[in-house]
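For reference, the structure is listed below as structure tokens.
The values are calculated or read from the model by the stated rules, or taken from the named source; none is laboratory data. Just so it is clear, the model here is predicted, and its values are computed rather than measured. Cβ: placed from backbone, ideal geometry, glycine included. Neighbour counts: every protein chain shown.
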Amino acid sequence: MVIKFTVGNFLSFYENRSISFEAKGISELKQNTVKINNHKLLRSAVVYGANSSGKSNLLKAMDRMRDCVLNSVKLNDSDELDYSPFLLSKKSEDEPTFFEVIFLDQNKRFRYGFEYNLNEIVNEWLYVGTNSKNESPLFIRTVEGIGVADKFKEGIGKEEATNENRLFISLVAQLGGEISKQIIEWFKKYNVLSGLDHKDYNGFTLRMLHKKHDGCNESLALFKKLELGFNEVQITESEFNPLELPDSLSKSLKSKLVKEMTGKTMLSMKTVHNKYDKKGNIVDTVLLDKDENESEGTNKIMDLSGPIFDTLISGRLLVIDELDAKLHPLITIHIVNLFNNPETNPNNAQLLFATH
């Protein structure tokens, strides 16, 4: 579970800014918190703010840190880093971006972070301990070198093999370090989604429903509970047909899609609706294409259901920008309650979202 995330010199943030899931001073709504070891943590948190206040950039920072960690292993010596400093100050242009996250995993508290510019990792650190007062470093990296603690044996002897533009934790994990792999795996456990473009995760939900993976039954139950206006859904599988590509696509993009998708199958979702006679009696059912016939809000909650229940079942972190966009307020409340209720969230998953 996430305890705290901090970002500095990134997009609209110059000075360090943090979001904390700690609930030390909160005595009400106890079911919305979970206690692990000495930490009392929120199951859900929301970032409120006006336009241009930095809400989305905070979530982008979490996504960027995740990408840096997971993609560091792919970098060549000469590759530049994905560096987006605060641009409204001459001073910040030459300073590193700062990312740090404190989290619990397998009953251990870790504090991991790094600073970087366009060409190199300037600082990197990993601490472990039950709280901030008794934590100890496993390694500390500066521009002058990497210091590895004796208890971080997996990192000893690998200091000189680390490229300037690559994270030390990534190298050690690649070489089989157990603690390092644990850190990398934790970063794989959280997803950052846009609430404005739900098509990005539509495919995940379709596959989950089609293959009846974990979360399928919960998603179907959610559709019924929310009374979205249809009886059930049907997932159909068909071979890719290039003639069905939109005319609005460029020739180059069409050519690329045809090359990639020829011979593959496509999934689509239909919703089953009742058909009535003049007296209001149900006389038949009709299949409607979900994307073309259902409302934007209905499409969004249906597409979101896959990531939501995957997160709840696996006990991960789900980060959503503009969660409430296009959704009825009661649906947004229901999503939040899924995370806050220990019965629907027995594995201590967390939700972080931004709204106005």
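In the set 59, 42, 81, 11, only one residue is surrounded by 14 or more Cβ atoms within 10 Å (Cβ to Cβ), of a type in the set (A, V, I, L, M, F, W, C), touching a helix residue (DSSP H, G or I) at 6+ places or on another chain (Cβ under 8 Å) and within 23 Å of residue 308 (Cβ to Cβ); that residue is 42.
Each residue in the stretch 14-33 was checked for being of a type in the set (A, V, I, L, M, F, W, C), over 30 Å from residue 89 (Cβ atoms) and surrounded by fewer than 19 Cβ atoms within 10 Å (Cβ to Cβ), and 2 of them qualify. Can you name every residue in the stretch 1-54 that is part of a strand (DSSP E or B) and among the hydroxyl-bearing types (Ser, Thr, Tyr)? 6, 18, 20, 33, 44, 48 - these are the residues of the stretch 1-54 that are part of a strand (DSSP E or B) and among the hydroxyl-bearing types (Ser, Thr, Tyr). Of all the residues in the stretch 76-132, those that are over 22 Å from residue 9 (Cα atoms) and more than 25 Å from the chain's Cα centre (by Cα) number 7. Restricted to the stretch 316-337, and to residues there that are under 18 Å from residue 31 (Cβ atoms) and touching a residue at least 40 places away in the same chain (Cβ under 8 Å), the residue that is surrounded by the most Cβ atoms within 10 Å (Cβ to Cβ) is 336. Does at least one position in the stretch 142-152 carry a residue that is of a type in the set (Ser, Thr, Tyr), modelled with pLDDT under 95 and either closer than 24 Å to residue 351 by Cα or out of contact with any helix residue (DSSP H, G or I) (no Cβ under 8 Å at 6 or more places or on another chain) (or both)? So far as the stretch 142-152 goes, no, none of its residues is of a type in the set (Ser, Thr, Tyr), modelled with pLDDT under 95 and either closer than 24 Å to residue 351 by Cα or out of contact with any helix residue (DSSP H, G or I) (no Cβ under 8 Å at 6 or more places or on another chain) (or both).
Filtering the stretch 131-172 to residues that are among the small types (Gly, Ala, Ser) and either free of Cβ contacts under 8 Å to residues at least 40 places away in the same chain or in contact with a strand residue (DSSP E or B) (Cβ under 8 Å, 6 or more places away or on another chain) (or both) leaves 132, 136, 145, 147, 149, 155, 157, 161. Answer yes if at least one residue in the stretch 255-266 is part of a strand (DSSP E or B), hydrophobic (A, V, I, L, M, F, W, C) and more than 19 Å from residue 340 (Cα to Cα), and no otherwise. So far as the stretch 255-266 goes, yes, one or more of its residues are part of a strand (DSSP E or B), hydrophobic (A, V, I, L, M, F, W, C) and more than 19 Å from residue 340 (Cα to Cα).
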